[in-house]
Amino acid sequence: MSSEANKVLWRRFGARMLESGLLLLAVALGVGATAAGFSLLANTQKMGAQMLASPAYREIVVSTQTKSDDMQAPVVVKPSKDNVVLTASDLGVAASVPSVKYAYVASGTELRFMNQKAIAQMASMGPGPGGVTITTVKRFSPPGMLTADELAKKQAEADVFLTDVDQLRGTAVTPQYFDAWRLKAAVGSLFAASEGQSDSTLVVLGSNAAIQIAGTKTDAKTLVGKKLLTWQGYATVVGILAPSGTETIDNSFFTPYQTPGGFQGEGGPPGRLSFNVQLRFAVANPAQLESAAAGLTQLLSQTHATDQLVVSNPRAEAQKLIDRNTGIGVLILFLALAALFIASVNVSHILMSRGLRMRKGVGILMALGASRRSILVLFASEGVVLSTAGSVLGALLAWPLSQTMESALGLTSSSLWFLLAGVAGAWVLNLVFSILPAVQNSNIPPADAMRAA
Amino acid sequence: MITLNKLTKEYDLVGTKVIALKEVSLTIDRGEYVAVMGPSGSGKSTLMHLLGILDTATSGQYLLEDYDITSLPDREQARIRNKHFGFIFQSFQLFSELSALENVMLPMSYANVPLKQRKERAAALLDEVGLTDRMHHLPTMMSGGEQQRVAIARALSNDPDVILADEPTGNLPSDKGEEIMTILEGFNARGVTIVMVTHNPDQGRRARRRLFIKDGELWRDENTMAATQVALHV
């Protein structure tokens with residue numbers, strides 16, 4: 001390609017800076033919007049697929065009716081015949097529904113560790129209401145608040161581990177939970193059903209939680225078999241889970257779900273005798289969720305008042321959310337593509353008219369020795385530069401735009417690759433429109449070009 | 001050097017066939033100075049376009065140095081135009097974005113001449129046409145005569161065998177036209193073949209051979225120096 005011919009083209013380009021700048025901006029906006037739209041849609045699909053792959057979305061959750069009035073009800077309510085109470089023993093209905101593979105209870109709980117810092121905090125708070133010092137600890141020997149010396153003695157015991165961590169959130173589960181969530185122990189073991197009602201508190205730690213308690217990854221492995229001193233008593237570590245890839249699992253602990261016993265208020269009326277729980281039933285094939293839900297509803301209705309039972313399918317709710325977000329993503333991508341198309345057509349139109357204005361010049365260049373190919377390369381270079389520079393600018397616009405749209409739709413993570421793929425796709429589309437005028441302007445016989453006005 | 005055998009050019013204008021040039025046969029030898037004359041629309045420009053391979057004939061044969069170049073691929077046609085022909089146009093056709101020097105350098109870049117050599121040769125040619133002190137001026141800053149001298153330097157940049165000049169003085173006052181004719185005749189004296197379209201009878205008489213075109217046909221072929229005339233149509 002002739003360097004002098006290039007100078008002709010680029011000096012003409014420079015002479016129309018305003019027009020060129022507006023074209024650049026139009027391409028940037030079209031590319032930016034398209035890339036952000038594509039990224040939004042792709043991230044929606046990716047996160048939706050990841051979400052539905054989670055065992056949580058193979059579950060049917062059975063609970064009892066809750067009303068806003070319940071919020072105003074006293075904490076301790078009298079049991080009545082009309083009250084529907086679900087217990088862990090109700091999990092047995094799963095045996096009669098073939099599509100249900102696992103049945104379990106998963107209930108939030110926490111461990112509050114006893115250490116120097118916690119004791120100092122408690123001591124600074126002084127006696128509790130009524131002048132009573134908090135001494136109630138369960139299965140803890142010796143009970144009561146420890147002095148610093150006593151704590152040091154505990155720390156010296158080989159089977160006790162005092163952590164600097166204040167508290168840890170976890171889940172009380174029945175054993176099938178681990179099978180349903182495909183969780184394996186990396187060190188030690190998981191607990192069995194028979195250990196659910198044992199007198200000692202057993203815990204299985206998530207991989208990150210173990211490191212958090214022990215301080216290092218190496219020390220984390222030595223926790224198995226150790227007793228952790230908590231305000232509720234000792235918690236014995238029986239196993240540490242292999243990393244699951246799910247942050248909430250890796251950062252927490254699991255303890256056997258125990259059916260809570262009755263509570264008798266001192267000298268008062270009898271308190272709650274049974275505790276209501278949420279029952280969870282997991283299927284192997286998500287397509288069977290609806291039939292399994294119907295089966296469970298029918299079976300539970302034989303023993304419970306159906307109008308107070310709530311059988312929910314979180315997957316259906318999640319699918320609705322994904323479908324809604326997908327619809328919004330498709331709409332945004334469609335509008336962005338329309339903007340890109342309009343920008344590209346304008347680029348094409350203006351490059352075409354620039355070529356037409358230069359048609360006689362093309363004839364002269366051909367007379368001086370330019371082939372059609374060199375004319376094509378000459379004009380195409382203008383389109384390529386315009387399209388590429390516009391796409392780079394568009395990529396810079398697309399990043400904040402996609403972040404805004406994704407956070408508006410509640411997407412928690414976004415992939416830069418989707419954004420780059422969107423930019424690349426939009427660039428190619430725009431490039432086609434930018435090069436087409438070059439093809440047309442170069443595909444003209446020299447004599448015809450010479451005759452141009 | 002150039003031989004045309006029954007060269008015909010037809011155009012299809014909205015279903016109507018228009019014959020722009022009809023079975024023209026002629027030979028132009030190396031070093032000749034030929035004037036092509038005739039009324040407007042007679043086919044002079046078409047003949048020049050065919051001679052410069054800016055257009056292809058509908059039928060007939062075009063031999064350049066005994067090679068048939070009637071129908072060649074575009075790239076080969078471009079190479080021949082670049083190496084063998086220099087073009088001078090009535091309205092100069094310089095690129096207004098380029099300086100005089102860059103305009104002259106342009107055809108050499110298509111011949112892949114290195115930049116340094118391009119600059120040296122372009123400067124030498126501009127010096128030869130008397131524009132030493134105007135090399136870096138843009139065409140818009142030059143008079144018509146100066147622009148046409150730049151165009152002549154550009155036409156000669158790749159040392160062509162033939163210069164095809166389409167009314168080179170048509171847009172110039174007579175004194176400037178005379179300057180251009182003198183420069184062209186100087187190059188012809190050094191062996192460059194010149195084929196020039198002109199409406200000016202005086203300039204036509206200065207050529208050693210005159211071709212008269214009428215209605216697309218070669219009407220008369222006159223050798224003014226030998227005082228021989230060949231009337232092709234009576």
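The values are calculated or read from the model by the stated rules, or taken from the named source; none is laboratory data. All values derive from a computational prediction rather than experimental measurement. Glycine gets a Cβ as well: all are built from the backbone with ideal geometry, and neighbour counts include every protein chain shown.
Against the list (1) surrounded by fewer than 22 Cβ atoms within 10 Å (Cβ to Cβ); (2) in contact with a strand residue (DSSP E or B) (Cβ under 9 Å, 6 or more places away or on another chain); (3) part of a loop (DSSP other than H, G, I, E, B), the condition B:Leu172 fails is (2). Whenever a residue of segment A:25-54 is under 18 Å from A:Ala426 (Cβ atoms), its partners that are outside any helix (DSSP H, G or I) and not hydrophobic (A, V, I, L, M, F, W, C), lying with C-beta atoms within less than 9 angstrom and at least six residues away or across chains, give the pairs A:Ser39/A:Ser414; A:Ser39/A:Ser415; A:Leu40/A:Ser414; A:Ala42/A:Ser415; A:Asn43/A:Ser413; A:Asn43/A:Ser414; A:Asn43/A:Ser415.
The residue that is surrounded by the fewest Cβ atoms within 10 Å (Cβ to Cβ), counting only those in segment B:104-138 that are facing chain A (nearest Cβ under 8 Å) and in a helix (DSSP H, G or I), is B:Leu115. Of the candidates A:Ser381, A:Ser415, A:Ser407, A:Ser371, the single residue that is touching a helix residue (DSSP H, G or I) at 6+ places or on another chain (Cβ under 8 Å), at pLDDT below 90 and either surrounded by fewer than 21 Cβ atoms within 10 Å (Cβ to Cβ) or more than 16 Å from A:Ser39 (Cα to Cα) (or both) is A:Ser415. Across segment A:90-99, the number of residues qualifying as touching a residue at least 60 places away in the same chain (Cβ under 8 Å) and either farther than 11 Å from A:Val62 by Cβ or more than 31 Å from the chain's Cα centre (by Cα) (or both) comes to 5. Do you know which of the residues in segment B:86-103 that are at the interface with chain A (Cβ under 10 Å from one of its Cβ atoms) and part of a helix (DSSP H, G or I) is surrounded by the most Cβ atoms within 10 Å (Cβ to Cβ)? Here the answer is B:Asn103. Suppose the filter is at pLDDT 95 or above, surrounded by fewer than 23 Cβ atoms within 10 Å (Cβ to Cβ) and away from every other protein chain (no Cβ under 14 Å); does A:Val392 pass it? Here the answer is yes, as A:Val392 does meet what is asked. Tell me which residues, restricted to segment B:47-78, are within 8 Å of chain A (Cβ to nearest Cβ) and closer than 18 Å to B:Leu156 by Cβ. Once the filter is applied, which keeps residues that are within 8 Å of chain A (Cβ to nearest Cβ) and closer than 18 Å to B:Leu156 by Cβ, segment B:47-78 yields only B:Gly52.
Picking from residues in segment A:195-208 that are within 16 Å of A:Val105 (Cβ to Cβ) and at pLDDT below 60, the one that is surrounded by the most Cβ atoms within 10 Å (Cβ to Cβ) is A:Gly196. Of all the listed residues (B:Arg81, B:Arg30), the sole one being farther than 22 Å from B:Asp215 by Cβ, within 9 Å of chain A (Cβ to nearest Cβ) and charged (D, E, K, R) is B:Arg81.
If the condition is being in contact with a Lys or Arg (Cβ under 8 Å, 6 or more places away or on another chain) and free of Cβ contacts under 8 Å to residues at least 60 places away in the same chain, then segment A:370-401 contributes only A:Ser371.
Here A:Val347 meets each of (1) within 30 Å of B:Leu72 (Cβ to Cβ); (2) crowded, with 23+ Cβ neighbours inside 10 Å; (3) more than 14 Å from chain B (Cβ to nearest Cβ) with one exception, condition (1).
Among the residues of segment B:144-158, none is identified as more than 13 Å from chain A (Cβ to nearest Cβ) and more than 15 Å from B:Ile183 (Cβ to Cβ).
Counting only strands (runs of 3 or more DSSP E) that sit wholly inside segment B:1-52, those with at least 1 residues that are of a type in the set (S, T, N, Q) and out of contact with any strand residue (DSSP E or B) (no Cβ under 6 Å at 6 or more places or on another chain) are B:16-28. Here B:Asn188 meets each of (1) assigned to a helix (DSSP H, G or I); (2) in contact with a Phe, Trp or Tyr (Cβ under 7 Å, 6 or more places away or on another chain); (3) crowded, with 23+ Cβ neighbours inside 10 Å with one exception, condition (3).
The set of residues from segment B:9-57 being more than 20 Å from A:Gly363 (Cα to Cα) and in contact with an Asp or Glu (Cβ under 6 Å, 6 or more places away or on another chain) comprises B:Lys17, B:Ile19, B:Lys22. A:Val428 falls short on exactly one of the conditions (1) of a type in the set (A, V, I, L, M, F, W, C); (2) part of a helix (DSSP H, G or I); (3) modelled with pLDDT under 95; (4) within 30 Å of A:Arg354 (Cα to Cα), and that condition is (3).
Selection of segment A:320-344 for residues being buried (at least 18 other Cβ atoms within 10 Å of the Cβ) and more than 24 Å from A:Gly422 (Cβ to Cβ) yields an empty set. Taking the condition over 24 Å from B:Leu72 (Cα atoms), free of Cβ contacts under 8 Å to residues at least 60 places away in the same chain and away from chain A (no Cβ under 14 Å), does B:Thr8 pass? It is false that B:Thr8 is over 24 Å from B:Leu72 (Cα atoms), free of Cβ contacts under 8 Å to residues at least 60 places away in the same chain and away from chain A (no Cβ under 14 Å). Each residue in segment A:214-258 was checked for being in contact with a Gly (Cβ under 8 Å, 6 or more places away or on another chain), among the aliphatic types (A, V, I, L, M) and outside any loop (DSSP other than H, G, I, E, B), and 5 of them qualify.
Does any residue of segment B:100-110 turn out to be under 16 Å from the mean Cα position of the chain (by Cα) and among the small types (Gly, Ala, Ser)? Among the residues of segment B:100-110, not one is under 16 Å from the mean Cα position of the chain (by Cα) and among the small types (Gly, Ala, Ser), which makes the answer no. For the structure I just gave you, tell me whether A:Arg182 is at positive phi, at pLDDT 85 or above and outside any strand (DSSP E or B). Taking the combined requirement at face value, the residue satisfies it.
The number of residues in segment A:441-453 being more than 9 Å from chain B (Cβ to nearest Cβ) and buried (at least 16 other Cβ atoms within 10 Å of the Cβ) comes to 3. Have a look at A:Leu309, A:Leu337 and point out the one that is hydrophobic (A, V, I, L, M, F, W, C) and either in contact with a Cys (Cβ under 6 Å, 6 or more places away or on another chain) or modelled with pLDDT under 90 (or both). Only one candidate passes the filter, namely A:Leu309. Does segment A:64-85 include one or more residues that are among the polar types (S, T, N, Q) and either at pLDDT 70 or above or surrounded by 20 or more Cβ atoms within 10 Å (Cβ to Cβ) (or both)? Yes. The condition (being surrounded by fewer than 23 Cβ atoms within 10 Å (Cβ to Cβ) and either within 14 Å of another protein chain (Cβ to nearest Cβ) or farther than 30 Å from B:His49 by Cβ (or both)) is satisfied by just one residue among A:Val362, A:Val432: A:Val432.
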